[in-house]
């Protein structure tokens, strides 16, 4: 596996159903400041659900664009990225990760924010995978988290699940009422650790 140009780890971040907004762009800048090459595909071609969108606004926008179009745009966005690219997603973007991951089993890691997806079989043993969700989040019910844990165990991933009591669903977005700065800081500290594990694995796959 190649770590990419300049020795940097490549990370792709997929946005939520609200569209590509400052929360994803600022996260990408944070990861770039840590030395990673970060790609933020705009799966909605410039459309967003508003500055402070409600859930129904996001569902309406996602429904209007259509899941097949969203996934097709995601596939096109990662087509030329290294096979070892780390996959990351915010809420709906986690579903995008789940749709693409089976075709990119060499991904050096994955982090799932505010939702869950299954870990596909055939990934390298020990691939670091993290999920970060609000405790009691209706978009990450216990049965989905159990299925994620089971799929990670079956695939041989190095999996960790982090839950945040008192946080709202999209707790990492400072523009939303859900925002929880403590949970957000802890999430990105964990993601930093995952990316360091991924970097080491890509740099020294043996």
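The one condition from (1) assigned to a helix (DSSP H, G or I); (2) crowded, with 19+ Cβ neighbours inside 10 Å that residue 192 does not meet is (2). Candidates in region 4-56 are the residues that are at positive phi and touching a helix residue (DSSP H, G or I) at 6+ places or on another chain (Cβ under 7 Å); of these, the one that is modelled with the lowest pLDDT is 50.
None of 99, 117 is in contact (Cβ under 8 Å) with a residue 12 or more places away in the chain, more than 18 Å from residue 38 (Cβ to Cβ), in contact with a helix residue (DSSP H, G or I) (Cβ under 9 Å, 6 or more places away or on another chain) and part of a loop (DSSP other than H, G, I, E, B) except 117.
Using the structure shown, decide if residue 94 is part of a strand (DSSP E or B), surrounded by 24 or more Cβ atoms within 10 Å (Cβ to Cβ) and modelled with pLDDT of 95 or more. No: the conditions fail for residue 94. With respect to residue 125, is the statement that it is touching a helix residue (DSSP H, G or I) at 6+ places or on another chain (Cβ under 9 Å), crowded, with 16+ Cβ neighbours inside 10 Å and modelled with pLDDT of 95 or more true? Against the criterion (touching a helix residue (DSSP H, G or I) at 6+ places or on another chain (Cβ under 9 Å), crowded, with 16+ Cβ neighbours inside 10 Å and modelled with pLDDT of 95 or more), residue 125 does not qualify.
Among the candidates 159, 170, 139, the residue that is under 18 Å from residue 185 (Cβ atoms) and surrounded by 15 or more Cβ atoms within 10 Å (Cβ to Cβ) is uniquely 170.
The values are calculated or read from the model by the stated rules, or taken from the named source; none is laboratory data. What you are looking at is a predicted structure, and each value in this text was computed from that prediction instead of being measured. With ideal geometry, Cβ positions are generated from the backbone for all residues, glycine too; neighbour counts draw on all protein chains shown.
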